[in-house]
Amino acid sequence: MYLSSFLASVLEQSAPILLAALAAMITLRANILNVAVEGMMLVAAFVAIAVGSATDSAALAFFAAVLASILMSQLLALMTLRFSADFIVAGLGINLLAAGGSLFALEWFYGTPGGLRPITFPDIWHVAPGSLSFIPVIGPAIERQSIILILAFIAIPLSAVFLYRTPTGAYLRAAGEDEHAARAAGVSVVRMKAISLAISGLFAGLAGAQLAMDKLHFFLPEMTSGRGFIGLAATLFGGGHPWVTAAASLLFGFFGALGDRLQAFSLPSQFVLMMPYIAAIVGLTLARWRIHVRNRPARIVVEGSA
Amino acid sequence: MTNADHILRLSGISKSFGEKVALKHVDLDVRRGEVHVICGENGAGKSTLMNILAGIHQPTAGTLILNGREVVISDPIEASRLGIGMVHQHFALVPSMSVSENVFLGRNLRKWGVFADKAAMVARTRELIARYNFRLDPEATVGTLSVGQRQRVEILKALAFNAELLILDEPTAVLTPPEVDELIGVIAGLREMGRTILFITHKLREVKAVSDRVTVIRHGESVATHETGSVSEADIARDMVGRNVFLVGRGNEQARRPFGPTVLKLSNVSMTDSAGRLLLKNISLEVRAGEILGIAGVDGNGQTELSEAIAGLREIQAGFIELGGRTITEASVPERQSAGMGFVPEDRLDRGLSKTMSVAENLAVSNYRRAGLKRGGYVDQDRLEAFAAEKIREYDIRGAVPESPVSTLSGGNMQKVVIARELYRDPDLLVVCQPTRGVDVGASEFIYARIMAAADRGRAVLLISSELSEIFALSDRIGVMYSGQLLRIIERKDADEVIVGALMNGSLEAAA
Amino acid sequence: MTAARFKNSVRAMYAPIASILLTLALGFLLVMAITDDPLQAYRDLLFANFDSLGSFALFLNRATPLTLIALGVIFSFRAGIFNVGGEGQLYAGAIAATVIGVTFAGLPAIVLLPLALMGGILAGAFLGWVPGVLKVRLAVDEVVTTLMLNIIVLLFTSYLSNQVIRDTKSYGAVSEMVPEKIWLPALPGVPGATSGIVVAVLLAFATWVVLFRTVWGAQLRASGTNLRFANAVGIPADQRIIVAMLIAGGLGGLAGVLYVLGIGHRFEQNFSPEYGLVGLTCALLARIHPIGALATAIFYAMMINGSAYMQISTDVPRSLVDLLTGLLVLLMTARLATPKTRS
């Protein structure tokens, strides 16, 4: 069915964006603007392909990718929390390191600066075709999707539970919202930020693994194509709440899939791709505008009138 | 009295931050089950002392004996473990979380080890609220609560984990009068339950209303401890202010030269915030040429708003401001400067200076044209340096060379930079706020001399200060701000500390 | 400069120099591990730029956009704005100049050249203005707006270079060539090097004069270091900041214009090896000092260009420089506080 196949491609486009958005969201709740999601995703994608082709094990590739991403996140944590680096500059540095490092590895270890395309590559688990056909429309859309996509959607409620129903989540939110209050209560703000970065690394790792391992099975130097930043835009648009962020990510995935379809009608895909970013700017401006209006001093009501 | 009756005993406590001495020598003993007040002027060292008890700072010297044993209060958690509960002046609450979540922040009760047991935390909080009769909803979001309610959450936090000694830092500073009465009731109730309460205030009315004993701190030293019942507000005020004698004073001299025409005039000035609360209520005042009008009052009663309204940094919602006969209500800051206004803000690092820029640039920033430092759009470097060097000499700004960053100077010398800059234009009106806050005695005297010289030259001076001694030393007339209102303006010769002190606490009757 | 100020300047250079040396040292270790001739590799990395006139020209061509972007960053940081939009401003200037040059190719050079120049500068200035105004009036976070704008601009130029002004005869997303009559002359004596480098150097000194020797500059720096102070002393801070952002964007746009008119002579979708980010690094490394940024931009241009020669002679991959850049950014921001701390 056409609708199912469209839905399938929406889901597929949304998965890495959703994971990137969740990665950015966790750190946003700890008051960190994480611009390094892009770099962490890239590293994960590279490691996934490299380890996968070397060991011929999808599981090993998967875990190595996630681990690599978490390690990058902890490098960021080290630089910023222990050595007081500026979060934005260090985040951009991580991105540069990821891009440069992967390019360097491509050139040095593989001699193929254009990308890494192993001839054979192990496949990760996908939902078996035909297994869910009994669910109308949605069923076929989920068939053939990778396990990582399933994990991505599970991650949404998991994040919500973590943030709102566990002590660590509460302390993390407190550390992000009001450091003074958190510290006075004995919460280690540094630890909370480090934890948020680690979880961010986990999600970014999943995103990178999904990108590389789902259908493509190869690595290209710029393969993340700004998805880390789309995810950041989705988070900012969603104000840091898991469900709204997920909705925003799905929306952007929707427009991505739509853009692909509309190519056939010669509508430039670039304008469709621009939308998340424009949305983020507009959303932030509107939010600020509301605050600005709300903070205006009230007019004095003249007593004794009629 | 045996030690067992003293829950807390401090001996010889001192605390320095680098070169700055916050506490010189404090002795304090607090009896179990009493309400003990620490009283003192701004900058006397009260907050530093409380922060030591809360585990936020460590004393440089001296001993703390809690329940008969010497202790080291290494951090807030340790303080809590030792049974000390601290209620900060600036609340440490997370606005988006509920009352129970805030109470249990950092100490969540767990369900199955992993999850937060919200139901249990709400139940425990409800129990606590009932026990202390606080009238709070454990599930209410803190952000929606009033200031008084939030304070009660803070107190609840302090009590929740078996605090024996409760410390309250300026608890009434942010409360409205009915909320203050409520708090006094809460404190009385807690005392009845056997808690010991230590609180800081400088509002004499409250001291008398609720405490058993009061210790006065002045300039980092504990000066006296009294049984509250046996002293008057005037006695306490006298201990707080001391016998500071400034050699150069105006108030006691006779036959001041007559004052000139009105320079600054405020007519029915009011200012609101976004919620419609009145920050300034119908303020009218006049300052004449050659006169120093001193506005006294405890910080936070509208002085900042008043100074910013006059300086042009904040809009007013009603009333007029006139300078030298011209209406400047809508005028921008540069327009007010041209009309003859100089402004020394209350926090030099916040508004008065740019820390990283040089002494010369800070001196010159609003004086380029007047000092002839501009050539076209360019700055004449030699002239700038000469200008700065001259000011450094004239104001005895120690440790300064024109190009050194102003952050290298001491507080007093930084303040001199601000004053030098503003006085350079010889403004008809000088608005000066907290001129000697954080400034050493020598520099203070220099600054006072400059302010008085300006008035002697025929300039009008509006002095806003929470230091009573300073107000008394310099002013020709004294006004008192309380809760956004200008309560009364009295001649210096008719004023004494008791009257002004009473006005500062809002008690008009006592001042009558 | 008095002795005190000189000593201060020298002391201020310790940290950036230390970061550079540490990065070079780590890079050297890496190079030692992967090639037999590490000294040759490093020698080529740094000094092959000066081996021939041709390599020297290429090096100067790299330094030009880097310097200009760094200067733009300096203007914005001095205004207190954390502007990471250099890449977008660069692309905007480049595409604007290209579109004007290609579309109005019929006009005489004397009209077309200033038109293309102005168009590119204005395009960049616009991209500086938007985040500036949003920050000043509504306190919208400028890091987010500049980052988002970067991507928006890149997508837009991709559209233009793929669809609108594409050179169908060539391979890839490249535009048609800009008419030769408005190509910038080469630097006399160095064929292949654009005279744009002269513009960059002159602007570096001009930036220094404007920031440190004019009243406007002093007022801008006051606004950037303490906005409340600037307001209190009567400086029209909002105006200063917005104009500074216009200049910052304009400099980025100019970098793009000079690239198109002086070096590439056409617009290619991926012509910039992260000039925006590297330019930002140069500015921060130089502690947002214009002359210092000129020096760091030159150092960086040496490395970026030299890496190609290093690869040829020792087969150490040129992406080593990209790797080292990432490392340098991390080290640099850790060892010293960035000039503006973000709240």
Having 1 or more residues that are more than 14 Å from chain C (Cβ to nearest Cβ) is the bar; report the helices (runs of 4 or more DSSP H) wholly within the stretch A:19-138 that clear it. A:37-55, A:58-77
Identify, from the list A:L151, A:L220, the residue that is closer than 22 Å to A:A36 by Cα and away from every other protein chain (no Cβ under 14 Å). A:L151
In this structure, does B:T225 turn out to be surrounded by fewer than 18 Cβ atoms within 10 Å (Cβ to Cβ), in contact with a Ser or Thr (Cβ under 9 Å, 6 or more places away or on another chain), closer than 27 Å to B:V441 by Cα and assigned by TED's automatic domain parsing to the domain that holds B:I84? yes
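Residues are listed down the side, and each one gets a yes or a no for (1) within 14 Å of chain B (Cβ to nearest Cβ); (2) surrounded by fewer than 21 Cβ atoms within 10 Å (Cβ to Cβ); (3) in a helix (DSSP H, G or I); (4) not small (G, A, S):
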| residue | (1), (2), (3), (4) |
| --- | --- |
| C:M32 | no, yes, yes, yes |
| C:S55 | no, yes, yes, no |
| C:A63 | no, no, yes, no |
| C:V84 | no, no, no, yes |
Tell me yes or no: at least one residue of the stretch B:135-143 is small (G, A, S), touching a helix residue (DSSP H, G or I) at 6+ places or on another chain (Cβ under 7 Å), closer than 22 Å to A:V189 by Cβ and not in a helix (DSSP H, G or I). no
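For every residue, the table says whether it meets (1) at pLDDT 90 or above; (2) among the small types (G, A, S).
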{"position": "B:A4", "(1), (2)": "no, yes"}
{"position": "B:V35", "(1), (2)": "yes, no"}
{"position": "B:G43", "(1), (2)": "no, yes"}
{"position": "B:K46", "(1), (2)": "no, no"}
{"position": "B:M50", "(1), (2)": "no, no"}
{"position": "B:N67", "(1), (2)": "no, no"}
{"position": "B:V72", "(1), (2)": "yes, no"}
{"position": "B:I77", "(1), (2)": "no, no"}
Of the criteria (1) buried (at least 20 other Cβ atoms within 10 Å of the Cβ); (2) more than 12 Å from chain B (Cβ to nearest Cβ), which one A:A170 fails: (2)
From the list A:S188, A:S131, which one is surrounded by fewer than 19 Cβ atoms within 10 Å (Cβ to Cβ), under 27 Å from A:F62 (Cα atoms) and over 24 Å from the mean Cα position of the chain (by Cα)? A:S131
The lone condition B:G412 fails out of (1) in a strand (DSSP E or B); (2) within 19 Å of the chain's Cα centre (by Cα) is (1)
When you look at B:R369, is it in a helix (DSSP H, G or I) and over 20 Å from B:S407 (Cα atoms), yes or no? no
The stretch B:179-215, residues that are without any contact (Cβ under 8 Å) to a residue 12 or more places away in the chain and either crowded, with 18+ Cβ neighbours inside 10 Å or closer than 25 Å to B:L503 by Cα (or both): B:D181, B:G185
Quickly run through the stretch B:311-329 and pick out the residues that are over 29 Å from the mean Cα position of the chain (by Cα) and of a type in the set (D, E). none
When you go through C:G252, C:G306, C:G326 one by one, which is the residue that is within 8 Å of another protein chain (Cβ to nearest Cβ), of a type in the set (G, A, S) and either at positive phi or assigned to a helix (DSSP H, G or I) (or both)? C:G326
Would the stretch A:285-302 turn up any residue that is surrounded by 24 or more Cβ atoms within 10 Å (Cβ to Cβ) and touching a helix residue (DSSP H, G or I) at 6+ places or on another chain (Cβ under 6 Å)? no
Test: residue in the stretch C:122-133 that is hydrophobic (A, V, I, L, M, F, W, C), under 16 Å from the mean Cα position of the chain (by Cα) and within 14 Å of chain A (Cβ to nearest Cβ): yes
Within the stretch B:1-110, helices (runs of 4 or more DSSP H) holding 1 or more residues that are over 29 Å from B:E233 (Cβ atoms) and touching a residue at least 12 places away in the same chain (Cβ under 8 Å): B:76-81, B:99-103
With the condition kept exactly as written, say whether any residue in the stretch A:225-234 is crowded, with 20+ Cβ neighbours inside 10 Å, within 15 Å of the chain's Cα centre (by Cα), away from chain B (no Cβ under 14 Å) and polar (S, T, N, Q). no
Pairs returned, first residue in the stretch B:385-414 that is within 15 Å of B:S444 (Cα to Cα) and surrounded by fewer than 17 Cβ atoms within 10 Å (Cβ to Cβ), second residue that is at pLDDT 90 or above and not basic (K, R), beta-carbon separation under 6 angstrom, 6 or more apart or interchain, are B:R398/B:N413
Quick one: is B:E154 at pLDDT 90 or above, within 27 Å of B:E78 (Cβ to Cβ) and either outside any strand (DSSP E or B) or within 14 Å of another protein chain (Cβ to nearest Cβ) (or both)? yes
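The values are calculated or read from the model by the stated rules, or taken from the named source; none is laboratory data. What you are looking at is a predicted structure, and each value in this text was computed from that prediction instead of being measured. Virtual Cβ from ideal backbone geometry, glycine too; neighbours counted across all protein chains shown.
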